[in-house]
Structures are given as C-alpha cells and as structure tokens.
Amino acid sequence: MQTTIDEKLSQDILRGIVIPPCPQIVADIQIESAMPDVDINVIAGLINRDAGIAGSVLKAVNSPFFGLSGKVKSVPHAVSLLGLSSVINIVTALSLKKVLSDENVTAMNRFWDTATDVANTATIVSKYLKMGASDEAYSIGLFHDCGIPLMMLKFSDYMKVIEEACASADQRIIDIENAHYKTDHTVLGFYTAKAWQISEHICEVISIHHCSNNVFETNRGVKTPKKDLLAVLKIAEHVSAAYRTLGGCHVDHEWEQIKENVLDYTGLSDEDIMNLIDECKEHGIC
C-alpha cells in the first residue's frame, strides 16, 4: 500500500483547496538563515517585528516542556540557548497556528487546543525516549494535522467525518476521509509543510502518520530519524488523549492498531506509557 504522496497527482488530490502561503516573517528568516554568515541578531530582529510571534516563542521556550534552566527573557537569548534551527522550527510552527486560526469557529479552537497538547506532550516524549530534538517534536506536534483546519474550511461536514473515522476500530482515518472527499488531511498537511519549506523528514512524517504499521514493519529493527519522529508523535497523540479531545472518542482505536509496533520500535512498555500519561497530567495535559 502506498504511504507517500505522489506530487504528480497534486491537482487531483488537493481538490481545489488553497494551501496557505508561507508568511513573510518565515520566508525572511529562512532567507537570512541560509546566508553564509548568519547574524543571530538579524534573525532575532525579524522575529521581533511580529510582537505576537515573538511573545509566543518566549512563552513556548519558557514552558516546562522544554526544560530550560532559568527564564528566557528575549528572542536573542532563546536563540543562544536553543540554537538557530530550533527557534526557526518553533517560529514556523507558531506562524502556522496564527495563519490557520479562527476564533469564531468553535471546532477550530478545539483543534488548536488539541494540537498544542500534542506538541507539548511530544517534547516530553522526545526527552523521555532521548529520541530526536525537542523543537522538532514540538513542530511535528503542531504541524502534523495542519490539513485538518483546511478540510474544516472546505467541507462543512468534516468534523462529523473525522469523529466517525476516529470511532472506527478497523479502518484507517485517512481511508474514511478519502471515501468521503477523495483526499485527506495528511495530503493537505504535506503540501502545506512543503510550501513552507519545512525539513524533508518532517514533511514525510506528516504524509505517513496514519500509515504507521507500514513504516515500522519496513526494515524492522532499523532506526531512522523519520521513524524516531513518527514514534514520538504517535505516543504523544495517545498520551495527550487527542482521540478524545479532537475525535470525540472514548477509545484510541488507532493506538490499539499500531501499539505493538510502536512499543517494539521504542523499547517502551505499557508501564512507560502510563508514566508518561501521569507526567502529562502533572502539566495539565490529558
């Protein structure tokens, strides 16, 4: 079964949905960071042009999820502690949230509450597993379902369909979406991430995150950054109870389908998962 997206089919599978363009702040930062002699102060100045994003960056890095010692008081300070690529990842993820938010749409607010919980949980899981970088875990948490707001805006019955999909014990979420719309949120998420020039392996994880068994059963035992990030994401989705808050479901059917492969890949046990759930509860998640 195919688990990646054939870009030649883009016009058909996008179904006329417009991918949001990359914001100027993100484009400017990407250009500046590609310069031979990158100036951190210039990058920080670009971020500080958008007071909302700058404030959100400081709020994110000062949260307990990143585990930094001491309070980060400025964007340059954040860059010096986390590194340039980490801060760019965070800015990009937060910019996406800003672009695809609508305070007047209750379901949209519910989506971003869930995405934020998954992002924060993913940073905890990444540290617990010592697998991947915290900023990438945070980014995939916010970005992995970014196709869902686009589906909401295009199809008025979408939330009913996603709840139906989450309640299915034997079908993948994307299969049910495709049966209704001939496209799915992983397709839209992939193209959004590509348009925003997100790193290639994050784009790949977005496109395959509902095909986990296929991924973990291919070259079983071989560890890769893509598999690592996918494992962190799937555990974070389960631990943060996204199936309840977004899917309106009491059972995480997808987790039951993929659990054996994810635990085998990470070496975790059911007890480890319960420990992660307890840790997230301490932080007000799930």
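Considering Cα pairs under 8 angstrom that are at least six residues apart, work out the relative contact order of the chain and quote it in whole percent.
20 percent
What residues from the stretch 106-135 fall in the zone where the backbone N is under 19 Å from a label point 7 Å along the Cα-to-C-beta line of residue 62?
Within reach of a label on residue 62, which here means backbone N under 19 Å from a point 7 Å along Cα→Cβ, the stretch 106-135 contributes 120.
Note down the net charge around residue 101, summing +1 for each Lys or Arg and -1 for each Asp or Glu among other residues with Cβ under 15 Å from its Cβ.
For residues surrounding residue 101, the net value is -2.
Can you pull the one-decimal nm distance between simple spin-label points at residue 35 and residue 263, each 7 Å off the Cα toward Cβ?
Going by the 7 Å Cα→Cβ label model, 5.2 nm.
Counting other beta carbons within 10 Å of each residue's own, what order do 71, 194 fall into, fewest first?
With the fewest neighbours first, 71, 194 line up as 71, 194.
Which whole DSSP H helices in the chain pass both tests: a Cα extent of 27 Å or more along the axis and a mean Kyte-Doolittle value no lower than -1.0?
Span-like helices here: 106-129.
Under 10 Å, Cα contacts only: if you run a Gaussian network model on the chain, which one of 94, 246, 46 comes out with the highest mean-square fluctuation?
Result: 46 has the largest fluctuation of those listed.
So what's the Cα pair-distance distribution over the chain, bin width 5 Å, in %?
1, 5, 13, 17, 19, 18, 13, 8, 4, 1, 0
Rounded to the nearest Å, what's the spacing between the alpha carbon centres of the stretch 197-224 and the stretch 65-109? Just the number, please.
Here the answer is 24 Å between Cα centres.
Give the calculated FRET efficiency between residue 256 and residue 178 to the nearest 0.05, with a Förster radius of 25 Å applied to their Cβ-Cβ distance.
About 0.70, to the nearest 0.05.
If I model a spin label at residue 81 and residue 169 as a point 7 Å from the Cα along the Cα→Cβ vector, what separation in nanometres do I get?
4.7 nm
In which sequence would 211, 146 go, from the one with the fewest C-beta neighbours within 10 Å to the one with the most?
211, 146
Which order do 230, 82, 188, 58 fall in if you start with the one that has the fewest other Cβ atoms within 10 Å?
Lowest to highest Cβ neighbour count: 58, 82, 188, 230.
With a point put 7 Å past each Cα toward its Cβ, work out how far residue 282 is from residue 110 in nm, to one decimal.
Between residue 282 and residue 110, the simple spin-label model gives 3.1 nm.
If you put +1 on each Lys and Arg Cβ and -1 on each Asp and Glu Cβ, how big is the dipole of the stretch 22-99 around its Cα centre, in Debye rounded to 20?
Dipole size: approximately 440 debye.
Only the coordinates and a few stated rules stand behind these numbers; no lab work does. In this text, all values refer to a predicted model and were calculated from it rather than measured experimentally. All Cβ positions, even for glycine, are placed from backbone atoms using ideal geometry, and neighbour counts span all protein chains on display.
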